[in-house]
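Structure first, then comments.
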Amino acid sequence: TPTPGTLEPTVRLPDRQPKPKPDPAITRRRFVRLGLGGAVLLGLGGTLAYQTSGYSVPETVRARLFALTPKEFLVVSALAARILRRDAEDLPLPEEVDAAFAIDLFVARMDAANRRDLLRLLHALEHVLPLPAGVFARFSRATGDDQDAVLSALESSSQPLLRGAFVALKSLCALAYFSHPLTWAAIGYDGPLVARPAEGWVAAARLTRSGGGT
């Protein structure tokens with residue numbers, strides 16, 4: 001793809017020239033639009049996937065949301081709880097670092113097309129993707145073991161689009177989790193030097209969490 005301000009080549013390259021490989025980032029960005037968005041519409045008639053009845057959150061939670069509906073927030077909360085289960089006691093739980101709220105902020109900063117794709121994926125995860133794993137409850141209401149089965153089925157699927165969906169969801173959760181200073185000690189990082197607190201970012205976050213900060 002030519003950069004802005006440059007001209008397209010006027011000489012056609014010989015056919016023997018290898019074709020450029022597609023940008024994997026672009027492929028990842030478009031996988032929901034090409035596949036799972038259609039699955040939602042075909043499988044659920046475009047209505048069930050976007051139903052909002054039966055989903056409620058406290059008003060204090062609703063007031064903090066920028067992009068997600070209460071339903072979508074509950075789906076990402078359930079997703080983060082399974083993807084981000086800690087394997088050491090000194091690691092914070094996803095709810096302790098507001099992982100679901102961080103995902104909401106990421107979604108709010110996406111461009112419209114990518115946001116639409118991700119929201120389609122969340123609705124597909126809630127209503128469609130449990131079925132191939134033999135789970136007949138909505139993802140957000142399934143047991144932890146059933147949610148794990150759904151995610152494992154995505155991760156090991158023979159369909160590249162479904163494996164890509166799992167990678168996208170896992171990456172989103174990881175970005176949200178490690179955006180909080182409380183998680184940085186686990187990877188030996190204590191934050192940027194700009195506006196750094198005297199005690200360091202991790203210590204400051206722990207102090208704030210314990211109620212000793214402002």
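Every number in this text was worked out from the coordinates using simple rules, so none of it is lab data. Model, not experiment: these values are computed from the prediction. Please note: Cβ atoms are built from the backbone with ideal geometry, for glycine as well, and neighbour counts cover all protein chains shown.
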Q) Looking at (1) touching a helix residue (DSSP H, G or I) at 6+ places or on another chain (Cβ under 8 Å); (2) hydrophobic (A, V, I, L, M, F, W, C); (3) farther than 29 Å from Ala205 by Cβ, which is the one condition that is false for Phe136? A) (1)
(Q) So, in region 143-187, how many residues would count as being crowded, with 18+ Cβ neighbours inside 10 Å and hydroxyl-bearing (Ser, Thr, Tyr)? (A) 2
